[in-house]
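So the structure is just underneath, and the comments pick up after that.
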Amino acid sequence: MEDELTDYTNRFRTAFEMLHRKLGHAVLAELNSELTPRHLFMLAMISKEKLPKQSQLAERLGVKPSAITVMIDRLVESGHVIRKHHETDRRIVLVENTAAGDAVLAQATEVQKQVVARGLAQLPPDELPIFINAFEKFNSF
């Protein structure tokens, strides 16, 4: 049984990683943007956190602040993000999506929904609820 579980674990990891990459590439291809999957993820995090500190983003992602600074620099240069200083403590740097950042994030979300729907449509109708239920159950552990 342990060998079988190891085999399922390896198969799941491989399939999940491939699917994640495939979805990212498909979304970017349809989005026709210069942004990378990491840029889109950062825009989503900034949107979710509502004016986060750069240090807060680094902490949430488990990376050094310098890594966040480089990514934010690129998003500022491309016009998707702006930096702001805290009202009372100018040492604190906050980041916010611009209208262009919010627009590309909304577009990416819609494209991602369409790509996922196309993928799910490949399943036979009777397998779709089984797949979704199993995935939700797996995700809840």
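Values as computed for the structure displayed
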| quantity | calculated |
| --- | --- |
| Count - residues of segment 87-132 that are of a type in the set (Val, Ile, Thr) and within 17 Å of His25 (Cβ to Cβ) | 5 |
| Search result, residues across segment 29-45 that are of a type outside the set (D, E, K, R) and either at positive phi or out of contact with any helix residue (DSSP H, G or I) (no Cβ under 7 Å at 6 or more places or on another chain) (or both) | Ala29, Asn32, Thr36, Phe41 |
| Cross-chain or 6+ apart pairs with Cβ under 9 Å, segment 115-133 first and assigned to a loop (DSSP other than H, G, I, E, B), then modelled with pLDDT of 95 or more and not basic (Lys, Arg) | Ala121/Leu128; Leu123/Ile130; Leu123/Phe131 |
| Residues satisfying the stated conditions in segment 72-91, i.e. in contact with a Ser or Thr (Cβ under 8 Å, 6 or more places away or on another chain), surrounded by fewer than 16 Cβ atoms within 10 Å (Cβ to Cβ) and at negative phi | Ile82 |
| One residue from Ala108, Ala117, Ala103, Ala134 being of a type in the set (Gly, Ala, Ser) and surrounded by 13 or more Cβ atoms within 10 Å (Cβ to Cβ) | Ala108 |
| Residue check, Leu123 more than 16 Å from the chain's Cα centre (by Cα), modelled with pLDDT of 95 or more and surrounded by 10 or more Cβ atoms within 10 Å (Cβ to Cβ) | yes |
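The values are calculated or read from the model by the stated rules, or taken from the named source; none is laboratory data. The structure displayed is predicted, hence computed values, not measured ones. Backbone-built Cβ (ideal geometry, glycine too); neighbour counts: all protein chains shown.
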